Amino acid sequence: MFSFFQPNRNGHLRRVMALLEEAHLARIEHQAAAEHHGALARMYSERAKRLERELYGSAQLPIGEGSGKNQDEKAVLYALDANRRLEAQAKG
């Protein structure tokens, strides 16, 4: 009857085991998140390089006297969709 007031050694070990399992799960979750963020960083790096190539590659175009064709080419520079670029080239 008085064993209720005695410290439970097994309870402490169970608690430590539960905390250890939580720590392992948190480590796995953070590793997965790190892989995800690494992939996003690579994707944005490639996007930045692609946009820089588009920007600096198009910067060497001759600048006209305000003709409509050059304005279309400038609008194409900011296009995010390749179809838009093809449509603008077909018009010009």
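Quick rundown of the values:
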| read-out | value |
| --- | --- |
| Extent along principal axes [Cα atoms of the range 11-53; Å; largest to smallest] | 63, 7, 5 |
| Using θ = phi - 60° and Karplus 6.51 cos²θ - 1.76 cosθ + 1.60, couplings along the range 22-36 (whole Hz; Gly, Pro as x) | 4, 5, 5, 5, 5, 4, 5, 4, 6, 5, 5, 5, 5, 4, 4 |
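Where a number appears in this text, it was derived from the coordinates with a stated rule and is not lab data. Keep in mind the model is a prediction, meaning the values are calculated, not measured.
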